[in-house]
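First comes the structure, then the notes that go with it.
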Amino acid sequence: LVDVADRFALLRCSKEEEAQRGKLNSSFKESSFNGAFVLKSVKSDFSPLLIGTKELQRKSLSAPVRAQTATVAPSVNEAATDGKKTLRKGNVVITGASSGLGLATAKALADTGKWHIIMACRNFLKAEKAAKSVGITKENYTVMHLDLSSLESVRQFVDTFRRSGRPLDALVCNAAVYLPTAKEPTYTAEGFELSVGTNHLGHFLLSRLLLDDLKKSDYPQKRLIIVGSITGNTNTLAGNVPPKANLGDLRGLAGGLNGLNSSAMIDGGDFDGAKAYKDSKVCNMLTMQEFHRRYHEESGITFSSLYPGCIATTGLFREHIPLFRILFPPFQKYITKGYVSEEEAGKRLAQVVSDSSLTKSGVYWSWNKNSASFENQLSQEASDAEKARKLWEVSEKLVGLA
Ligand code: NDP
Ligand code: PMR
């Protein structure tokens, strides 16, 4: 019965997708504010947030569209139609599941009844309370301690997870910090600048170590997802708001990002908290692609990244000035129209974790205004294969893998 139901679901899904594709083609122009567009050149002369809105709309609406529609047909995985294998719940580790996107994704997956969520969080009590507050039932989640700003903690988490005896079927690298008002850099336990140290290096070690666990899983569709963002992509309007992401030749990273004998910034420049965050997102997107190139064929694991939309209400902006926190949600809702609720964003990331139509590996997913997914185009830097290889090798050294 499960077998028949699964086959039916796949068939129905492909028909819905077909309809979706038709809709997508005709709705590109309207969707340009959702980050689906790619600009050939954008002046980088924005003054933070309070920009002339007509000017903004004129610039963006005239931008040429190069993003592609989702053309991925749901592949009928042999194992996926095997009733026995789909009977067991999937196990997904989500970092930073104690708030915002991570929590909403945990909720969306738990609601399907098909997933057990391992909430990998630095604050155990906060995570427990968060799970309860959104109504995730006890049997559907486990909180495990993980502080990504300590490589020792990452290794301990991997150890604890392995001792739990659960197989690993999906890993979502979601946690992040954003420190836009910091005047001076702060550092992780090992002395790396905090944003890149947490968002990139912590996740780099975690995903490298857990790759073996994913490989061992017998789950039909195994996935490793690293959350990216539009603001790291300089082929978009949002990515052209200064300071822009730029990893340069990675000299600061190669020097250890410690602000002592090297710069705290990847490109070797002066410290800028907002840029450090955007740089870390470029690292996330490059890392996903390098994983894909190195391991997709041999392991069958799907490697993905995504921009879930602008979730302007999350804790990510907690360090920003109060005026920004007041103006940012209405600015995104009514002016850029890039806003999405935490709930909607959680459903999007949950699709990347488990939807059978998003199995293609190496893709940076985005959604148009009808909430239809499509394969988005990364900026030149965020899709630079040579930079991705170099980033991988330098990061390996910093986290003690090489
Ligand atoms: P939140 O601040 O709500 O969530 C971030 C999570 O990361 C929190 O659970 C936080 O834990 C956790 N975290 C931070 N530092 C650490 C650490 N050292 N170890 C473990 N966990 C840590 O922000 P969002 O939900 O908005 O962000 C989630 C992801 O979405 C990020 O990768 C972000 O870059 C991405 N994103 C967000 C967008 C947005 O508009 N908000 C747009 C595009 C991408 P705690 O609860 O303890 O603070
Ligand atoms: Mg942006 C289509 C326009 C668009 C979109 C989708 C975003 C998303 N932003 C857009 C445009 C603009 N922003 C414009 C024109 C401005 C200048 C007024 C602007 C400003 C701005 C600031 C100051 N935007 C910001 C900030 C932040 O501090 C946020 C940031 O960069 O965090 C790293 C941010 C964001 N804008 C977005 C998104 C998704 C963010 C935050 C989250 C992230 O990338 O993770």
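Laboratory data are not the source of any read-out in this text; all were calculated from the coordinates shown. Nothing here was measured: the structure is a model prediction, and the numbers come from that model. Because the Cβ atoms are built from the backbone with ideal geometry, glycine has one as well, and the counts that use them run over all protein chains shown.
The table below lists the values:
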read-out: Relative contact order computed over the range 110-157 (Cα-Cα under 8 Å; 6+ residues apart), in percent; value: 41
read-out: Fewest-first ranking of H200, H292, using other Cβ atoms within 10 Å as the exposure measure; value: H292, H200
read-out: Total charge dipole magnitude, the range 81-211, about the Cα centre, Cβ charges on Lys, Arg, Asp, Glu only, Debye to nearest 20; value: 580
read-out: Restraint check, K132/K360; K360/K387; K278/K347, Cα-Cα greater than 26 Å; value: K132/K360
read-out: Exposure proxy order (Cβ contacts within 10 Å, fewest to most) of R208, R163, R348, R155; value: R163, R155, R208, R348
read-out: Residue order, fewest to most beta carbons within 10 Å, for S379, S262; value: S262, S379
read-out: Over 24 Å [Cα-Cα, the range 271-402], rounded percent; value: 40
